[in-house]
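**Student:** Attaching a single structure in structure tokens format; questions to follow.
Here, each number is a calculation from the coordinates, and none is a lab measurement. Everything numeric here is computed off the predicted structure, so don't read it as measured data. Neighbour counts are summed over all protein chains in view; Cβ atoms, including those assigned to glycine, are modelled from backbone coordinates with ideal geometry.
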């Protein structure tokens, strides 16, 4: 029996949340959504999140600030930043803050699925020190 993977989608645009949710559910993941950073932080307190897909540019709290807060609250949650533009500085900052990866809009869902599978496989792999 395989473990259910919980994915949090954080985006201020409802259309993106809906698309992500629908596609990730079809891939077999359990999805919860948040419209902003504050809602995401509250959800993380209630649900164990394995992976968070976080929009880079949101009002109130941007993706990098949310990334920092997620990693502080639940260090085991892997964060993938989603950005509409690929700025070397913003990507470097995200990686320095602990982002697992980033993807650009429009979303290549094949790439997204590959990144998620890599995370899931690394979590399921037993460590060399176990046993």
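**Student:** When residue 66 is evaluated against the numbered criteria (1) part of a strand (DSSP E or B); (2) crowded, with 20+ Cβ neighbours inside 10 Å, which criterion, by number, is the only one it fails?
**Tutor:** It fails just one condition, (1).
**Student:** Consider residue 104 carefully, then state whether it is under 17 Å from residue 13 (Cα atoms) and over 12 Å from the mean Cα position of the chain (by Cα).
**Tutor:** Working: under 17 Å from residue 13 (Cα atoms): yes; over 12 Å from the mean Cα position of the chain (by Cα): yes.
It is true that residue 104 is under 17 Å from residue 13 (Cα atoms) and over 12 Å from the mean Cα position of the chain (by Cα).
**Student:** For the stretch 3-12, give me each residue that is closer than 21 Å to residue 117 by Cα, touching a residue at least 40 places away in the same chain (Cβ under 8 Å) and outside any strand (DSSP E or B). Reasoning before the result, please.
**Tutor:** Taking the stretch 3-12 first, the residues closer than 21 Å to residue 117 by Cα are 3-10.
Those still in the list that are touching a residue at least 40 places away in the same chain (Cβ under 8 Å) too: 3, 5-10.
3, 5 - these are the residues of the stretch 3-12 that are closer than 21 Å to residue 117 by Cα, touching a residue at least 40 places away in the same chain (Cβ under 8 Å) and outside any strand (DSSP E or B).
**Student:** Could you tell me whether residue 79 is without any contact (Cβ under 8 Å) to a residue 12 or more places away in the chain, on the phi < 0 side of the Ramachandran plot and crowded, with 17+ Cβ neighbours inside 10 Å?
**Tutor:** Details: without any contact (Cβ under 8 Å) to a residue 12 or more places away in the chain: no; on the phi < 0 side of the Ramachandran plot: yes; crowded, with 17+ Cβ neighbours inside 10 Å: yes.
The answer is no for residue 79.
**Student:** State which residue is farthest from residue 70 (Cα to Cα) when the search covers only the stretch 13-59 and only residues that are in contact with a helix residue (DSSP H, G or I) (Cβ under 7 Å, 6 or more places away or on another chain) and assigned to a helix (DSSP H, G or I).
**Tutor:** 23
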